[in-house]
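Have a look at the structure below before the remarks.
What follows draws every value from the coordinates through simple rules; no lab data is involved. It should be emphasised that the depicted structure is a prediction, and the values quoted were computed from it without experimental measurement. Note that we place each Cβ from the backbone using ideal geometry, even for glycine, and neighbour counts take in every protein chain shown.
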Amino acid sequence: MTNIFQKVKKAHVIMCLFLVSIISCKQEKTADYAKVHNQALVVKVQEYYTQHLDSCIALLEGINTVETVSEKLKKYKSARREFKLIEPILAFVDKENYKSLNAPNILKIEEEDATDIKIRNPFGFQVIEELLHEDDVDVSEVNNIVKTTANRLKLIAGNNTLYLKKYHTLWLLRDQIARIALVGITGFDSPVLEQSLTEAKTNYETLFFIINTYKNEFSNESLFTDWLNEIQTTQKVLEEGEFTTFNRFDFIKNHAHKQLELLAKTAKDWKVEFPLTMAFNNNITSLFSKETFNINFFNDYHQLENAMSDEKIALGKKLFNDKSLSKDGVMSCATCHIKDKAFTDGLATFPKQLRNTPTVSYAAYQQTFFHDGRAGSLEGQIVGVVENKNEFHTNLENLTETVKSDSVYTKSFTDLYGKVSDFNIRNAMANYIRSLGDFSSKFDKNINNKENTLTTSEINGFNLFMGKAKCATCHFPPVFNGTVPPNFTETEVESIGVPNLEETGLDDDLGAYNIFKTEERKYFFKTSTVRNVSKTAPYMHNGVYETLEQVVDFYNKGGGQGLGYKVPNQTLPLDKLNLSEKEIKDLIAFIEALTDE
């Protein structure tokens with residue numbers, strides 16, 4: 001069921017964007033479209049996009065025309081620069097192709113159901129980059145990947161007409177600002193060359209071009225000037241930076257957030273009305289705030305009758321803590337998800353359970369649920385708890401009858417939902433869980449400039465997390481889980497090689513493999529949030545590690561393979577991180593600063 005839910009969810013997002021696009025296309029044909037939406041500006045953006053797309057293709061194909069690896073690498077870098085120039089536009093107008101072209105060098109597995117499993121070898125820029133840096137470069141393989149990548153770009157070039165209203169342009173700018181801050185500067189897509197800062201500077205060339213193209217749309221000339229000055233200042237900061245020492249905390253706090261503020265002012269200056277809201281709320285000014293997100297984007301059931309409200313959250317909280325909902329009346333959700341432990345239980349595994357109890361704090365900001373990602377919604381996850389013989393050990397019919405037998409519950413559901421039903425019960429509980437996670441940590445307050453209390457060690461730790469330690473390439477900010485920004489449509493699963501409790505070999509839990517028995521999914525687990533982990537020990541899906549020091553040591557050694565275990569399809573980089581003792585302390589100091597008040 002997991003992937004059916006995901007398929008519906010993905011289709012919903014695509015349909016929203018499709019409808020917006022259709023509206024644009026239809027209005028483009030009206031006589032006054034060019035006047036109202038200034039299509040002449042879009043034509044300029046189109047020309048810029050086409051120019052650099054064509055250049056990217058030519059340079060990429062040039063890789064196969066030269067003989068030496070050094071010459072191929074030079075051509076690659078030039079093609080990559082052109083790709084980074086088109087990235088802000090391509091990633092907005094053609095999300096799926098962009099993801100394929102910029103995907104990591106790991107197998108792509110799509111599991112819609114047991115009869116529809118697709119396993120694809122990766123291609124694109126990251127793959128080429130890694131192949132060109134192997135000790136023994138396979139020229140034939142490089143040539144094949146280059147051809148595949150160039151052919152995909154040609155396909156895009158053959159169908160690249162842009163239809164952008166002003167709100168599209170603002171979304172495009174916002175998404176790229178977020179992409180740079182949350183993914184780009186982490187080294188996520190430049191794993192070998194570590195050109196992330198240079199490539200971010202290149203991205204800003206395109207943002208500068210777009211802002212400059214729309215110069216006459218600004219009624220506030222000083223706002224336009226502020227934009228140009230800010231982008232140029234940001235480019236200078238990036239140019240002067242070095243990957244391992246770059247102050248990413250300062251960059252986000254003083255540049256990314258400032259650009260979001262300028263964007264909000266621009267929406268007001270241009271008198272833009274947004275037709276809908278995606279994952280990010282429109283007019284956000286911070287990437288690390290509860291107001292950053294549209295919680296309904298992560299909720300499959302946000303129709304009016306199921307919309308969140310304080311009353312429904314309160315009802316859900318009562319249900320969450322009610323032991324009478326279980327068969328024997330001895331267990332509630334709060335039995336395992338204890339508030340003082342950040343909604344975990346402090347145990348390696350709860351009695352008769354196979355896996356460590358995950359936090360439900362910030363659980364809303366995911367697209368899949370349970371450690372193996374087998375549920376596609378919070379409402380769906382609750383079904384698994386109700387029917388599990390080692391948890392509630394009942395069924396939805398009995399659950400509904402129990403709630404109906406309580407007159408207080410019956411009145412509350414009648415008032416809020418119209419009736420008691422198993423779905424309404426689950427929706428109320430899910431809405432309570434969606435309310436958990438308020439971005440109130442010391443780190444959040446500091447990066448939002450509400451206080452100045454972070455220590456040098458904590459700031460260094462954040463910069464390590466986002467850079468040298470590579471944590472943020474899997475635990476993506478701002479939630480620091482596996483949900484990929486800036487679109488937040490996918491929550492990743494990873495194979496990192498977690499050892500068994502005796503630490504004598506690989507843990508025998510096969511994880512996501514158990515859903516559809518896909519061989520390439522053995523030992524894969526969802527990437528959980530790092531927020532509040534100071535309260536959620538022990539760690540990993542089996543609770544093998546009792547301290548954060550042990551966790552960091554595991555990653556520092558290269559995961560399971562670094563420990564000498566045979567881990568098929570390990571997605572964690574195999575190289576040791578070589579973090580010093582001080583760096584480890586700083587990293588943990590930052591992680592502890594992610595604890596909510």
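Mean residue ellipticity, 222 nm, helices only, the chain: the sum of -39500 (n - 2.57) across DSSP H runs of n ≥ 4, divided by residue count and rounded to 500, is -15000 deg cm²/dmol. Contact order for region 326-440, expressed relative to its length and based on alpha carbon pairs under 8 Å spaced 6+ residues apart, stands at 23 percent. Couplings 3J(HN,Hα) for region 553-566, derived from phi with the Karplus relation 6.51 cos²θ - 1.76 cosθ + 1.60 (θ = phi - 60°), are 4, 4, 5, 4, 8, x, x, x, 5, x, 8, x, 8, 8 Hz, where x marks Gly and Pro. Counting other Cβ atoms within 10 Å as a rough exposure proxy, the listed residues 457, 286 run 457, 286 from fewest neighbours to most. Taken about its Cα centre, the chain carries a charge dipole of about 1280 debye when Lys and Arg each add +1 at the Cβ and Asp and Glu each add -1 at the Cβ. Overall, region 80-194 carries a charge dipole of about 900 debye about its Cα centre when +1 sits on the Cβ of Lys and Arg and -1 on the Cβ of Asp and Glu, all other atoms neutral. Residues whose amide H comes within less than 5 Å of that of residue 338, counting only those at least five positions distant or on another chain, are 343, 344, 345 (H built at 1.01 Å from N in the peptide plane).
A straight chain from residue 415 to residue 339 at 0.36 nm per residue would run longer than the Cα-Cα distance by 24.6 nm. The amide H of residue 542, built 1.01 Å from its N in the peptide plane, has 356 as neighbours under 5 Å, considering only residues 5 or more places off or on other chains.
Phi-derived couplings, Karplus 6.51 cos²θ - 1.76 cosθ + 1.60 at θ = phi - 60°, listed residue by residue for region 502-515: 7, 6, 10, x, 5, 4, 8, 6, 7, x, 5, 4, 5, 6 Hz, with x used for Gly and Pro. Exposure proxy ranking for 404, 442, 268, based on other Cβ atoms within 10 angstrom of each Cβ and starting from the fewest, stands as 268, 404, 442.
Region 360-428 and region 455-504 have Cα centres lying 30 Å from one another. Each residue of region 338-347 was assigned a 3J(HN,Hα) from its phi angle through the Karplus curve 6.51 cos²θ - 1.76 cosθ + 1.60 (θ = phi - 60°); the sequence is 8, 4, 5, 10, 6, 6, 10, 10, x, 10 Hz, with glycine and proline shown as x. Among 168-179, 546-557, sorting by the average number of other beta carbon atoms lying within 10 angstrom of each residue, highest first, gives 168-179, 546-557. Relative contact order of region 455-592: 31 percent, from C-alpha pairs under 8 Å at least 6 residues apart in sequence. A Cβ-based charge dipole, computed about the Cα centre of region 297-434 with Lys and Arg at +1 and Asp and Glu at -1, lands at about 280 debye.
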